[in-house]
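Just below is one structure, and these are the notes that go with it.
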Amino acid sequence: RTRHTRGKLLRFAEHRSRWLDERARWRAFVTQCPLVGPHPRRVLRARAFLCTATLSLVLFVLVENLVESEGTPFYFIWLTNWTGVLTGVYAATHLIATARALEDAGTSGLRTNGLPGTEGIDVDENTDARRDDVPRVARALWFCKASAPTCQFLITLMYWAILYNPAYAKPSASNVTAHGGLCLALLVDLLAAARLPVGEVFFDFLGAFAFLLAYLAFNVAFTLGGAKNNAGDEYVYEILAWRTHAVRAVIVVAFVGLIVLPLSFFVAAFSARIRDAYFFPTQSLRAEDRAAVRVDAPGEGHGEGGEARLRV
């Protein structure tokens, strides 16, 4: 048993190390955009446009929710809107991190990382290699990069497959935006406008799990604490009525945690794999293989007979 426990701890440490190594190379990821190619200004403009569009959708849902609820801030009791805020944070941190990376490259004269498809994007290999030298905005982005699309897929699937009842309410613009529009925006971003790795390491899944676990704690506290939703019910969602139907609520949570969450994470990770295979075929290597990639190029940058190394 002790040996088995040690094995699990070692695997956990390995996944954590790979995730930190991946995050340390944040500049190489945020400065790439499949849609516009390796052009810094175009990359920044594309990221600014996507950020503005995404935040506009998030704010639209927020305003509509407040208006429909007669100004009462029930917006923050729903998982849909927690995920909307997470999506807005993802869009904002992605833009800021991109601007920060391009500014560092322009002002410090950092060397290009040499990755195919990123010519002209400067990255300081020594700086990126240091795990601790990662700004807070990049740290926040690395939490959101997998959890935001995963949770968007999850709430969209859960709403239309389980929660939505046409007899109770007709689809409104805010509902469709919250349970589909933002999901579509992130899917487009993931497939064609971002280069952030998703699902390469287990810590990406843990980020989404931690986010949903935090909401579950809030949901239980809200219900058992006697609070009421905007309809006067002592729960947030009827299927999570912990006071009156605790067994059903446990079954729903288990179903989401064991089936819907892994399925949603798979969709996000698979989308990223499709993007990498199409736009970045030479970079679509697993994390443990990247350190071994070397390209011998005699006479380039090291004099005749020298060796140039490609670090991915």
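The values are calculated or read from the model by the stated rules, or taken from the named source; none is laboratory data. This is a predicted model, so every value here is computed, not measured. Backbone-built Cβ (ideal geometry, glycine too); neighbour counts: all protein chains shown. These area figures cover heavy atoms from the full protein model, side chains too; ligands, DNA and RNA do not enter into them. Shrake-Rupley method; radii C 1.70, N 1.55, O 1.52, S 1.80 Å.
In terms of the mean number of neighbouring beta-carbon atoms within 10 Å, the peptides 261-269, 219-227 order highest first as 261-269, 219-227.
Extension gain for R136-V220 works out to 27.2 nm (0.36 nm per residue, less the C-alpha to C-alpha distance). Whole-percent P(r), region 16-101, all Cα pairs, 10 Å bins from 0: 17, 35, 27, 17, 5.
Entry note: region 236-282 has Rg to Rh equal to 1.34, where both radii use alpha-carbon atoms and Rh is the Kirkwood radius.
Probe of 1.4 angstrom, ligands and nucleic acids ignored: what's the accessible area per residue over region 185-224, in square angstrom? Numbers along the way, then the final one.
Numbers: 1320 Å² over 40 residues.
Solvent-accessible surface per residue comes out at 33 Å².
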